[in-house]
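Worksheet: one structure, shown below.
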Amino acid sequence: MSHYAFHERGKDVTLEADFVVVGSGAGGATAAAALARGGARVVVVESGAWRDPPDYPSTTYGTMRDLFDDWGSTFTRGRAFWPIVQARTVGGTTVINSAIAVRTPGDIFQQWEREHGVGGDAFATAMWTYQDELETELSVELVPERAKGRSNLLASDADAALKFGGHVMKRYVKGCEGNGQCLQGCKALKKQSTNLNFIPEVMALGGDIVSCAPVKRVLFEGKGAVGVEGSFAHPLTRARGGKFTVRAKKAVIVAASATHSPALLERSGVKSKALGKYFRAHPGTGIFGCYDEPVDMNIGATQGWASTQFRTDPGLKLETLAIPPEMVASRLAGGGTQLMEHVREYRHLAMWVHACRAESVGTVKNGFGDKPVVHYQLDEKDMLRFRDGMSLVARMHFAAGAKAIIPGIHGMPYKLGPDEVKLLESAPLDPRAYVAVLSHLFGGCVMGSDPSRSVVDANGRVHGYEGLVVADASAIPTNLGVNPQHTIMSLARYFANQLLS
Ligand SMILES: Cc1cc2nc3c(=O)[nH]c(=O)nc-3n(C[C@H](O)[C@H](O)[C@H](O)COP(=O)(O)OP(=O)(O)OC[C@H]3O[C@@H](n4cnc5c(N)ncnc54)[C@H](O)[C@@H]3O)c2cc1C
Ligand code: SF4
């Protein structure tokens, strides 16, 4: 077991394994651990650097520099430029996410079977069994009372008044201290990101991890994948270092995320009509509620309350969310003394969000410098859903006693009072009027039985190739309407176990 970090030019690394896994996030780390548990020799190759929790950043700037993929500079190309947030570090996006664990809803497996020829009852049973296991292994817990914080408690009050069917969240967190720092990485070691469990487990079982190592291409002999190669990239300067090559005797597992996996397969020469297609997301945005008493949203779990009552109609999820103070400031209008006036209100703000279960589809292509290019925008039906989400969140704030809300919609007043909430029903349907973020991503290498409409089969194997599997969010053929990590991890474990059987 070794960790190979950045190597200078001229110092090349060549390794051999049964399986090489590209990416160490939700999908990659889970697949790697399953394979290592099965007795295989596994090498995980990760584009980002290894960061120990004491070295996690505290600020938004540090998070973008050390943990975000490309400093958070990937945007949707379409009517609006909405940021696509993912991590680039050992542990992938599980290091920066809120660790919310939601089981795959049963209707999703039925939809996959109906529309994509995969899924069905037996598949659902296997996936839920893996979700049971993951909940135990990763200590899924309800946000503890002491860590709820006032923002989450206010949301529960609103829910009680409006009957929005909400609940306290379950997360992969062992004893949350409520430091509200999930985005910067949990320095308290409570969040169970994969750099703390599955990756060390792979190493303990004899596997290697190669970090600062963006894979340039998958290597083939005929139609069989036999390894990967690339050059090390310095964790800060991104300067190119020595070359790395990992040969795989049994299979290459690609788990580089919904944006990077299709881009990697494209530049590796994989031919598939569906490659890079059917990209989907849950675009989300938030509304601040302004309260008389201090809320101190950054005291308490980053996210603690949610409602899935609107998952099918109109198609969205409601959640609380604490963002770092600098991000709050960036969302308040004005500059100079006006901005300072707005920031003075910081302690009295609560942010609650909606994640839209959008049906619009986009594409992912490999771009200059191997950066994925994502074309994606919401159609009118999705924008109506998105706007409905704004009204629901606003109603919650007023039900919880907010004296005003800050909707953050271009062309609308900075603040709206309780009597003005109806104005949101005629808010713009132009996506450019909203500050939205894409953090739940799906597709690009979708699973299905028809090779003309899918990239991988029901076992994650790329149609028409040998020894090439995709085990991450890119294989998911639809949106979910719930947070995706649980689905991604159980899918990755399922695909890995199929390789062992
Ligand atoms: C801020 C935020 C909060 C979120 N909160 C939640 C939540 O609470 N619950 C939930 O269910 N979901 C949440 N999500 C979504 C969830 O984290 C992701 O859906 C999930 O991590 C995706 O898993 P993945 O394996 O597809 O990709 P990732 O976890 O992103 O892992 C992909 C890895 O591959 C690496 N990689 C990319 N290209 C290459 C290459 N060429 N060579 C080598 N390595 C490469 C990347 O650096 C990365 O480490 C959140 C996302 C964000 C951004
Ligand atoms: S809220 Fe704080 S203690 Fe709890 S998981 Fe997130 S970072 Fe860790």
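Given the structure, is S449 assigned to a loop (DSSP other than H, G, I, E, B) and either touching a residue at least 40 places away in the same chain (Cβ under 8 Å) or surrounded by fewer than 17 Cβ atoms within 10 Å (Cβ to Cβ) (or both)? It is true that S449 is assigned to a loop (DSSP other than H, G, I, E, B) and either touching a residue at least 40 places away in the same chain (Cβ under 8 Å) or surrounded by fewer than 17 Cβ atoms within 10 Å (Cβ to Cβ) (or both).
Just one of the listed residues (R461, R432, R493) is touching a strand residue (DSSP E or B) at 6+ places or on another chain (Cβ under 9 Å), basic (K, R) and modelled with pLDDT of 95 or more, and it is R461. Against the test of being over 18 Å from N97 (Cβ atoms), in a strand (DSSP E or B) and assigned by TED's automatic domain parsing to the domain that holds V364, the options F244, F288, F232 yield a single qualifying residue, F288. Is there a residue being crowded, with 24+ Cβ neighbours inside 10 Å and either outside any loop (DSSP other than H, G, I, E, B) or assigned by TED's automatic domain parsing to the domain that holds M297 (or both) anywhere in region 159-168? Checked against the condition, which is being crowded, with 24+ Cβ neighbours inside 10 Å and either outside any loop (DSSP other than H, G, I, E, B) or assigned by TED's automatic domain parsing to the domain that holds M297 (or both), region 159-168 yields no hits at all. Scanning region 329-383 for residues that are small (G, A, S), under 20 Å from L318 (Cβ atoms) and within 16 Å of ligand 1 (Cβ to nearest atom) yields A355, A358. Confirm whether A471 is small (G, A, S), crowded, with 22+ Cβ neighbours inside 10 Å, under 20 Å from K277 (Cβ atoms) and within 16 Å of ligand 1 (Cβ to nearest atom). Spelling it out, A471 is indeed small (G, A, S), crowded, with 22+ Cβ neighbours inside 10 Å, under 20 Å from K277 (Cβ atoms) and within 16 Å of ligand 1 (Cβ to nearest atom). Of all residues in region 266-318, those that are surrounded by 19 or more Cβ atoms within 10 Å (Cβ to Cβ) and free of Cβ contacts under 8 Å to residues at least 40 places away in the same chain total 0. Which number in (1) closer than 17 Å to V85 by Cα; (2) assigned by TED's automatic domain parsing to the domain that holds L378 marks the one condition that S474 misses? (2) is the only condition that S474 fails.
When we screen K170, K191, K187 for residues that are more than 23 Å from L318 (Cα to Cα) and under 20 Å from the mean Cα position of the chain (by Cα), the only hit is K187.
Taking region 314-355 as the range and being touching a helix residue (DSSP H, G or I) at 6+ places or on another chain (Cβ under 9 Å), more than 30 Å from E380 (Cβ to Cβ) and in a helix (DSSP H, G or I) as the test, the residues that pass are P325, E326, V328, A329, L339, H342, V343, Y346.
Select, from A188, A160, A147, A155, the only residue that is of a type in the set (A, V, I, L, M, F, W, C) and in contact with a Cys (Cβ under 6 Å, 6 or more places away or on another chain).
Only one candidate passes the filter, namely A147.
Only one entry of V374, V353, V364, V393 meets the criterion of being buried (at least 21 other Cβ atoms within 10 Å of the Cβ) and over 26 Å from Y278 (Cβ atoms), and that entry is V393.
Just one of the numbered conditions (1) away from ligand 1 (no atom under 11 Å from the Cβ); (2) under 30 Å from A458 (Cβ atoms); (3) not in a helix (DSSP H, G or I) is not true of F81: (2).
Per the conditions (1) among the aliphatic types (A, V, I, L, M); (2) in contact (Cβ under 8 Å) with a residue 60 or more places away in the chain; (3) within 14 Å of ligand 1 (Cβ to nearest atom), the sole criterion not satisfied by L219 is (2). Does A17 qualify as being assigned to a strand (DSSP E or B), touching a Lys or Arg at 6+ places or on another chain (Cβ under 9 Å) and crowded, with 19+ Cβ neighbours inside 10 Å? Judged against the criteria, A17 is a match. Here S426, S439 are screened, and the one residue that is without any contact (Cβ under 8 Å) to a residue 24 or more places away in the chain, polar (S, T, N, Q) and surrounded by fewer than 23 Cβ atoms within 10 Å (Cβ to Cβ) is S426.
The values are calculated or read from the model by the stated rules, or taken from the named source; none is laboratory data. Worth saying up front: this structure is predicted, and the values here are computed from it rather than measured. Quick reminder, even Gly has a Cβ in these numbers, built from the backbone with ideal geometry, and neighbours come from all protein chains shown.
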